[in-house]
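The values are calculated or read from the model by the stated rules, or taken from the named source; none is laboratory data. Just so we're clear, the structure is a prediction, and the values are computed from it rather than from any experiment. Heads up, the Cβs are rebuilt from the backbone with ideal geometry, glycines too, and the neighbour counts pull from every protein chain shown.
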Amino acid sequence: MTAAVSLQKVSRHFGLVKAMDEVDLEIVPGEFFAMLGPSGSGKTTCLRLIAGFDQPSSGHIEIFGETAEGVPPYRRNVNTVFQDYALFPHLNVIQNVAFSLMLKKVAKAERLKQAAAALETVKLGGYGERRPGQLSGGQRQRVALARAIVNRPKVLLLDEPLGALDLKLRESMQEELKALQKSLGITFIFVTHDQGEALSMADRVAVFNDGKVQQIGTPEEIYKRPQSRFVADFVGSSNVLAPDFVQSILGVRRWASLRPEAIHVMAAGTSASRMTGTIVTRSYLGAVVRLLIDLNGTSLHASVPSSEAVPGEGEKVTLGFAKDAIHLMENEK
Ligand code: ATP
C-alpha cells in the first residue's frame, strides 16, 4: 500500500542546530499518527516540512506516492490546523470556513453549503453568523477544524491543536477528534508534547528527541516496551533500572524499565520478598497515590490505587513485582 506520507532520511539543519536528523517515517492512509516529544525535539519542523512551509536540507518526502519537494503547500493534499487557530477576526464563522473555497473560486452558494456542512460535522451548526471573538476556546478550535476539513484533504496536520484549552475541554475534544477522524477516514498527523494525549488518541506514536525519532509503535508498545531510557522516562515516567540492579534480580547486566503501577507495596514483614525500602515521598493524585521509595540507594516510583491502605512517609515497606514486569531495553540512552 502506498504510504499517506513517507519521509526518507529527512534532515533539516539550521546552522549547527539539527532540528531534524535523518528521520524515516511511513504514515499509513487513514491512521491517527502522533508525533510526541519534548519542546525543541523537532516535531513542528517535521510537520512544517510535510505541509510544505519549509524544505528539508536533505532527504526525500512523498505524499501518497508523489514527490513533495518543489510542490507548494496549497498544491499538497494536506491541510494544517495551527495551535493558535489563525482565524480571521473580522470574518464571521461561516466566512472563515468558506474562505479557502473562495480562493479556489468555488461559486458562492456552493461554498456556503460546504462550509455549513463542515460546521455541522464539528457540531457548530448554528454558529455561522458569529465572529471568532464571540466563541469559547473550544468552539474556536472546532472552527479551525471545520476550516481545514472543508477542503477535504487526504491528510490533516494538527500542531498542538488542544494546547490552548483547559484540561476538561481538552479531554472531551480528544474524544471528539478521535471520533471525527474515524468518521472522516482522513489521515491525521498530530503533534503533541503530552504523552497522555498521544497514547489515548493515536493508532501509532513516533517519539522524537533531539531531532531524531527514538521509537515508533502503537501506544501499548511504546508504553510497555520502550526501547530506550529516554522513551521509558518520557512516556509515562517509568522507573529506569541500572544494570547492577537488574543483574541482582534477573542475572543479566542490562538497562531496564519498570512501570510504577507494576510494583506492589506491602507493609514491611508481610511478605517473603527481601526487597525492603523506605517511603521518601507520598503524593496523593486522586485515583492513585504516587510513592518515591528508597531501596538501599536505588530510588523507585510506585503508584498504588488510593482505594488501598497506603503507608506514609518514613515507613518501611516491602516491594514485590513480577520478573516479567521488568522490560530489558535495547538502547541504553
Ligand atoms: P515545541 O514543542 O516547543 O514546539 P518542537 O519539538 O516542535 O518544539 P521544533 O520547533 O521543531 O521543536 O524545533 C526543533 C529545533 O530547531 C529547536 O532547537 C529549535 O530552536 C530549532 N529551530 C526551529 N526552527 C528554527 C529556525 N527557523 N531557525 C533556527 N532554529 C530553529
**One residue from 88, 53, 33 being crowded, with 16+ Cβ neighbours inside 10 Å and not β-branched (Val, Ile, Thr)** = 33
**Request:** Inspect region 181-194 for any residue being in the same structural domain as residue 25 (by TED's automatic domain parsing), of a type in the set (Val, Ile, Thr) and surrounded by fewer than 20 Cβ atoms within 10 Å (Cβ to Cβ) and give the result as yes or no.
**Result:** no
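Table: residues versus (1) surrounded by fewer than 15 Cβ atoms within 10 Å (Cβ to Cβ); (2) touching a residue at least 40 places away in the same chain (Cβ under 8 Å).
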{"site": "226", "(1), (2)": "no, yes"}
{"site": "251", "(1), (2)": "yes, no"}
{"site": "258", "(1), (2)": "no, yes"}
{"site": "263", "(1), (2)": "no, yes"}
{"site": "288", "(1), (2)": "no, no"}
**Checklist (1) without any contact (Cβ under 8 Å) to a residue 40 or more places away in the chain; (2) within 24 Å of residue 16 (Cα to Cα) applied to residue 230, failing item** = (1)
**Message:** Contact list please: Cβ distance under 6 Å, first residue in region 197-223 and in the same structural domain as residue 46 (by TED's automatic domain parsing) and modelled with pLDDT of 95 or more, second residue assigned to a helix (DSSP H, G or I) and of a type in the set (D, E, K, R), pairs at least six apart or on different chains.
**Reply:** 208/43
**Item:** strands (runs of 3 or more DSSP E) (entirely within region 2-73) containing at least 3 residues that are within 13 Å of the ligand (Cβ to nearest atom)
**Value:** 5-14, 17-27, 32-36
**Message:** For region 22-80, give me the residue count where each residue is within 22 Å of residue 147 (Cα to Cα), of a type in the set (D, E, K, R) and free of Cβ contacts under 8 Å to residues at least 24 places away in the same chain.
**Reply:** 2
